[in-house]
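Read the structure below first, then the notes.
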Amino acid sequence: MRHLALYSGIALALLAPVSVMAEDSAQLTVTGTITPASCGVSLGGAQEVKLDPVKLSDFTPDQDLALAEKTASLTISCEGSAAKFRLKASDAGAIPEANANPDRYSLGWNEQGSVARSNGYFKLAIDTGVMPSNGFVLKSTDDGLGKTWAQARHGLVGFDHDGEAFAFADKASATEPAALTTLTVPLKISAVLAKNPTVVDEVQLAGQATIEILY
């Protein structure tokens, strides 16, 4: 019985602090979500820019043929709040090793002759001269990362596919993009067809610029 009493006493001693002990601190967990900027980019009007029809007789021997200039527009809309976005273009219609000029977008290839030849190219430009606001274009100098920018430009600015990004500001002295909720960007498309084409059947001009929005 002595041993039993001893063990009972130990059990009571161990249990007693548990029944009366209270925590000396409390933790409150606070959670939430930060939603990133959500902006969409779309082409105003039709998704396709139609160049004027061309006949073989329109060409002058040994000379490229410049077509009538076309226009389009980009519309950027941001949900919830203003965002400092930038745009980056790529040439989705080119054979990578065949287009070394970042200001030219391919119009596809003509394989009707003995050697495949380029149909020509088009140039894409941002026409800030007709923008009512935020008509100053900043071009990145850090491979499109958007941390460093060249001096803002106004007027007709080439929208090249050179790996750099383009953003918009409200004044010439700006050193970073403006935070915007909506913006319409007028574009000009200038197409040039390669000289002396070989045309047996109808040739389809196939150019495509892909424009990506980044934050």
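The values are calculated or read from the model by the stated rules, or taken from the named source; none is laboratory data. Remember, predicted model here, so these are calculated numbers, not experimental data. Note that each Cβ is placed from the backbone with ideal geometry, even for glycine, and that neighbours are counted across all protein chains shown.
Scanning the stretch 19-59 for residues that are modelled with pLDDT of 90 or more and either over 38 Å from the mean Cα position of the chain (by Cα) or at positive phi (or both) yields a single hit, Ser57.
Among the residues of the stretch 70-95, those identified as surrounded by fewer than 13 Cβ atoms within 10 Å (Cβ to Cβ) and within 30 Å of Asp170 (Cβ to Cβ) are Glu79, Gly80, Ser81.
Among all residue pairs at least 6 apart or on different chains, which show Cβ distances below 8 Å where the first residue, located in the stretch 195-215, is among the aromatic types (Phe, Trp, Tyr) and the second is part of a loop (DSSP other than H, G, I, E, B)? Correct list of pairs: Tyr215/Pro36; Tyr215/Ala37; Tyr215/Lys84; Tyr215/Phe85. Name the residue that is surrounded by the fewest Cβ atoms within 10 Å (Cβ to Cβ), counting only residues in the stretch 115-129 that are over 16 Å from Ser190 (Cβ atoms) and either free of Cβ contacts under 8 Å to residues at least 24 places away in the same chain or among the acidic types (Asp, Glu) (or both). Looking at the filtered set, the residue picked out is Val115.
Screening the stretch 153-177 for residues that are crowded, with 18+ Cβ neighbours inside 10 Å and of a type outside the set (Gly, Ala, Ser) and picking the one that is farthest from the chain's Cα centre (by Cα) gives Val157.
For the stretch 141-162, the set of residues classified as in contact (Cβ under 8 Å) with a residue 24 or more places away in the chain and either part of a loop (DSSP other than H, G, I, E, B) or polar (S, T, N, Q) (or both) consists of Gly144, Gly146, His154, Gly155, Phe159, Asp160, His161, Asp162, listed by residue number. Counting only residues that are assigned to a loop (DSSP other than H, G, I, E, B), over 22 Å from Ala191 (Cβ atoms) and modelled with pLDDT of 90 or more, the stretch 69-114 holds 3 of them.
Quick check on the stretch 115-139: of everything there that is part of a strand (DSSP E or B) and over 23 Å from the mean Cα position of the chain (by Cα), which residue is farthest from Glu176 (Cα to Cα)? Walk me through it before giving the result.
Step one: list which residues in the stretch 115-139 are part of a strand (DSSP E or B), which gives 117-118, 120-127, 136-139.
Still in the running and over 23 Å from the mean Cα position of the chain (by Cα): 117-118, 120.
Values: Arg117: 42, Ser118: 38, Gly120: 35 Å.
If we take residues in the stretch 115-139 being part of a strand (DSSP E or B) and over 23 Å from the mean Cα position of the chain (by Cα), then Arg117 is farthest from Glu176 (Cα to Cα).
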